[in-house]
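Since the structure comes first, as structure tokens, the remarks are kept for the end.
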Amino acid sequence: MKRAVTILSIVALALMLGTSAVSTACGPAKPAAVKNIDVVVCLDTSNSMDGLIGSAKMKLWDIVNDLAKIKPTPNLRVALYSYGNDGYDAKIGWVRKEVDLTTDLDAIYQKLTGLTTNGGTEYVARVCRDAIVQQKWSEDKQALKLIFVCGNEPASQDPEVKLKAVAESATGKGIIINPIYCGGVNDSDAQDWKQFAAFSGGRFASIDQNRGTVAIATPMDKELASLSEKISTTYLCYGEMGREKAANQVAQDANAKQLSLAAAATRGTSKGGGLYRNSEWDLVDRCKEDPKFDVRKVADKDLPENMRKMKPDERVAYVKKKAAEREDIKKKIAELSKKREAYVKEQMKKNPSKADKAFDAALRATLREQAQTKGINIPD
């Protein structure tokens, strides 16, 4: 009898353990891993490339907004190079690094809006090589690492640095180079760009840099531009770089608005999204990102002027107030952005002829295609 009871006890225990194991296995799924995306954009700034630079200024925020649709929100870093400008140092092949890989999208936009064109010999291989060597690319094997290089002259001009060697270097580091030729797909100068894409496993695209930018004005643009400016008032700068970064944020609001209401609107959408992060200088983002961060312990000199006389607990309450204001504005931005996106899609259906020749269309199509290889889905 005792033996039977013992056996039954063992069976019961095994069932309990089995049930527990099943329960654990069938419990809530682990949250999806956040993806790392590094993108370096290399723009030709020789005399004939004003259209390309204008397109990049107009469309940067649209590209960011595409990436912001990824769930969970990825870790996006962007770097910017320019090349082919006679005003640059000839000793290094007329290449200039504008910004290293960064999450600071305002820094990218600041440099982008400051680009000018001037003469030029365009060393495509050189600028790509510098981007590969100089940047601290993600070491995550599943990271999406891309270079987009844009220009309109033969890509093989560099007498020292060769396309094939650069492509092999990129491939060895898991970086994909995507050449974008500003001209006709059947131009003789396009052949080098196609070959470069073949060497690097990238995607070749040809665009019409002068007539290819499709910027559609919408009834939502004015309000979105206004909300973009309003959300900037919820930022509370701190630390050594705080005031400079806050001033740059406002300056880039003005740059986008000066370009067009559409550009200001898409910037507003970005500022309301998950990729616009400024925890390095903004107290609201810092407290959200780091729950252990104690605003009460920040030195008075490192606070915004209006917070310096506040008592420690008053600081906490003020940051929470600004965080709530920001969330409210973000909700309004999200609602308007959905309406704007639907409106733009409808207009594009009516006038689709130029869309496939636009600078941003080339980048966005390539991003979608290559993101899939890393298990990253960018919704339409």
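The values are calculated or read from the model by the stated rules, or taken from the named source; none is laboratory data. All values derive from a computational prediction rather than experimental measurement. A quick note on method: Cβ atoms are made from the backbone with ideal geometry, for glycine too, and the neighbour counts reach across all protein chains shown.
State the number of residues belonging to region 236-278 that are more than 23 Å from Leu224 (Cα to Cα) and either polar (S, T, N, Q) or in a helix (DSSP H, G or I) (or both).
Selection size over region 236-278: 3.
With the structure loaded, tell me whether Arg286 is in contact with a Ser or Thr (Cβ under 9 Å, 6 or more places away or on another chain), closer than 16 Å to Val319 by Cβ and modelled with pLDDT of 95 or more or whether it fails that test.
yes
Would you confirm, using the coordinates I've provided, whether Lys288 is under 17 Å from Thr73 (Cβ atoms), buried (at least 20 other Cβ atoms within 10 Å of the Cβ) and either under 19 Å from the mean Cα position of the chain (by Cα) or not hydroxyl-bearing (Ser, Thr, Tyr) (or both)?
For Lys288, the condition - under 17 Å from Thr73 (Cβ atoms), buried (at least 20 other Cβ atoms within 10 Å of the Cβ) and either under 19 Å from the mean Cα position of the chain (by Cα) or not hydroxyl-bearing (Ser, Thr, Tyr) (or both) - is not met.
Quick one: is Ser232 of a type in the set (Ser, Thr, Tyr), in contact (Cβ under 8 Å) with a residue 12 or more places away in the chain and surrounded by fewer than 18 Cβ atoms within 10 Å (Cβ to Cβ)?
Considered against the rule, which asks whether it is of a type in the set (Ser, Thr, Tyr), in contact (Cβ under 8 Å) with a residue 12 or more places away in the chain and surrounded by fewer than 18 Cβ atoms within 10 Å (Cβ to Cβ), Ser232 comes out as yes.
With respect to Tyr318, is the statement that it is of a type in the set (Phe, Trp, Tyr), outside any loop (DSSP other than H, G, I, E, B) and more than 19 Å from Lys230 (Cβ to Cβ) true?
no
Among the residues of region 133-144, are any touching a Cys at 6+ places or on another chain (Cβ under 9 Å) and touching a residue at least 40 places away in the same chain (Cβ under 8 Å)?
Within region 133-144, none of the residues are touching a Cys at 6+ places or on another chain (Cβ under 9 Å) and touching a residue at least 40 places away in the same chain (Cβ under 8 Å).
Results for (1) touching a His at 6+ places or on another chain (Cβ under 8 Å); (2) of a type outside the set (Lys, Arg); (3) surrounded by 12 or more Cβ atoms within 10 Å (Cβ to Cβ), shown as yes or no for each residue.
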residue	(1), (2), (3)
Val284	no, yes, yes
Phe293	no, yes, yes
Lys297	no, no, no
Tyr318	no, yes, yes
Arg340	no, no, yes
Glu346	no, yes, no
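Search region 110-128 for residues that are in contact (Cβ under 8 Å) with a residue 60 or more places away in the chain and of a type in the set (S, T, N, Q) and pair each with any residue that is surrounded by fewer than 18 Cβ atoms within 10 Å (Cβ to Cβ) and not in a helix (DSSP H, G or I) when their beta-carbon atoms are under 6 Å apart and the residues are at least 6 apart or on different chains.
Close Cβ pairs satisfying both conditions: Asn118/Asp86; Asn118/Gly87.
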